[in-house]
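Right, one structure below, let's go through it.
The values are calculated or read from the model by the stated rules, or taken from the named source; none is laboratory data. Just so it is clear, the model here is predicted, and its values are computed rather than measured. All Cβ positions, glycine included, derive from the backbone under ideal geometry; neighbour counts span all protein chains shown. Quick note on the areas: whole protein, heavy atoms, side chains included, nothing else; ligands and nucleic acids left out. Shrake-Rupley method; radii C 1.70, N 1.55, O 1.52, S 1.80 Å.
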Amino acid sequence: MKGYYLFAPVEPGNAGPESGVERKVRAQHKALNAYVNCELLILDPVRYTGSKSEKIIRRLPFTAAWRKWKYEGEFDDGDFLYIRQVYHDHSFVSYLKEIRKRNPKIKIIYEIPTYPFDTESKISVSTFSFAMKERLNRKKLAKYIDRIVTFYGQKEIFGIPCIDLINGYDFSTIELPERERTDTVNVISVALTAFWHGYDRFIKGLAEYYENGGNENIVYHYVGTVMPEHREYVKEHHLDEHVIFYGKMSGEPLKELMKRCFIGLDVLGGHRKDYPVSSSLKSREYFAYGIPMITSSPIDFLPKDSPYQFLVPYDDSPVDMKKMLEYYHGYYDGKDCNELAKKMREYGKEVCDMSITMKPVADWLDNNK
């Protein structure tokens, strides 16, 4: 059996060695390729000129809103095609139609990284036409796609049966660091930050804690893109010593920073996009590093009372730092932090190493030759 994994990043931030998305794609391909012969194709991210004519053309009903898709026979010899793509327009549907026409026997598996995704971005006057194109064209996908890969338990999406996975992580890419705790409570988040990450809840919780006489030293290491309102709030509430903005970071500098941190932030704003359970890639990375996490959306493979997650309310309330500190000290005090990390990592590896999480895709392909 021969196949292809096609990754079509929409934004430049989702491509390249510093991108968590591309690292995940490469890990998925590596795992899938261990079961079936699979070639990886990564397209260049979409880039726009920003001209007025381009903005108008992209919004017309039958034009390419994101990428101008053109099939040139790349998959004519393939038994299957695994696609990671998010947005749907007339150009993409025509592309799938041409693949099917040229190779009727090919099995097309389509990954939707987050679902539902309509709430990830707010519809405005400028984005309304894009939203309509998306919603009209995704109704046509069932003609060409055999299975959708999802991570949120759906049996069917857009009229297409699903292969339900949990997000995986290539644990072999990270060595568990030796750590030594200090009196400072170091907390970290790493993301292309969006409103639904809910990090404002943690920052507001810090402000309330110190305004009410809190005396433990909590330092929040905020890595990745910064929302301007977060930076402004930190400045207004004199939290500069407690919130450090790093910008984008990867490789050894990020590993060194992760080594200093003992608790991570997962999704704190899941209610803002109907995300009641977290299957985030970041939660898997925390497991690889062996650090527990704070989340409002319970991690999909953990029982709610798991010691590896501190659950905060599923709303906009500030994170209660006193309760967070009770959790933190209850987890670490009087214990070997490195043994705790090792135990947590092994638990995660048994459940969500990429070699395990991609096996249902390989099984489906094997059963549908």
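For the stretch 182-325, the per residue solvent-accessible surface stands at 40 Å², with DNA, RNA and ligands left out and a 1.4 Å probe. In terms of overall dimensions, the C-alpha atoms belonging to the chain reach 67, 47, 34 Å along their principal axes, ordered largest to smallest.
Here the relative contact order of the stretch 261-369, from alpha carbon pairs under 8 Å that lie six or more residues apart, stands at 26 percent. For the stretch 305-351, run through the GluC sites (Glu not before Pro) and keep only the ones in DSSP coil with at most 13 other Cβ atoms within 10 Å of their Cβ. Filter output for the stretch 305-351: empty list. Taking SER317, SER355, SER279 as the candidate residues, the one with maximal mean-square fluctuation in a Gaussian network model of the chain, Cα springs under 10 Å, is SER317.
Beyond 32 Å between alpha-carbons counts as too far, so tell me which of LYS248/LYS342; LYS235/LYS342; LYS143/LYS359 fall in that bin. Too far apart for the 32 Å limit: LYS235/LYS342.
When a 1.4 Å probe is rolled over the protein heavy atoms, the share of accessible surface on the stretch 15-122 that falls to carbon and sulfur comes to 54 percent. Per-atom-type breakdown for the stretch 263-353 gives carbon and sulfur 54% of the accessible area (1.4 Å probe, protein chains only). The spacing between the stretch 166-189 and the stretch 292-330, judged by their C-alpha centroids, is 17 Å. Charged neighbours of ASN212, selected by a Cβ distance under 15 Å, balance to -1 (K, R count +1; D, E count -1).
Considering only beta bridges that DSSP places wholly inside the chain, some 5 percent are antiparallel. Applying both filters, DSSP loop and at most 13 other Cβ atoms within 10 Å, to the trypsin sites (Lys or Arg not before Pro) of the stretch 264-319 gives LYS304. Charge dipole of the stretch 162-280 (Cα centre as origin; +1 on each Lys and Arg Cβ, -1 on each Asp and Glu Cβ, all else neutral): 200 debye, rounded to the nearest 20. For the pairs LYS68/LYS97; LYS30/LYS105; LYS24/LYS105, note any where the Cα-Cα span goes beyond 26 Å. In this structure, LYS24/LYS105 exceed 26 Å between Cα atoms. Between ASP366 and GLU74, the FRET efficiency from the beta-carbon distance, with R0 = 22 Å, is close to 0.40.
Taking every protein chain into account, the 1.4 Å probe leaves THR49 with about 110 Å² of accessible area, to the nearest ten. Using a Gaussian network model of the chain in which every pair of alpha carbons under 10 angstrom is joined by a spring, one finds that among TYR87, TYR233, TYR152 the greatest mean-square fluctuation is at TYR233. Which whole-number percent is the relative contact order of the chain (Cα, under 8 Å, 6+ apart)? RCO, the chain: 16 percent. The angle separating the long axis of helix 199-211 from the principal Cα axis of greatest extent in the chain is about 10 degrees. Greater than 32 Å separation of Cα atoms is the criterion. Which listed pairs, LYS204/LYS259; LYS52/LYS255; LYS2/LYS273; LYS140/LYS255; LYS55/LYS139; LYS55/LYS140, meet it? As for pairs spanning more than 32 Å Cα to Cα, those are LYS52/LYS255; LYS2/LYS273; LYS140/LYS255. Counting heavy atoms of the protein chains alone, TRP196 has an accessible area of about 40 Å² for a 1.4 Å probe.
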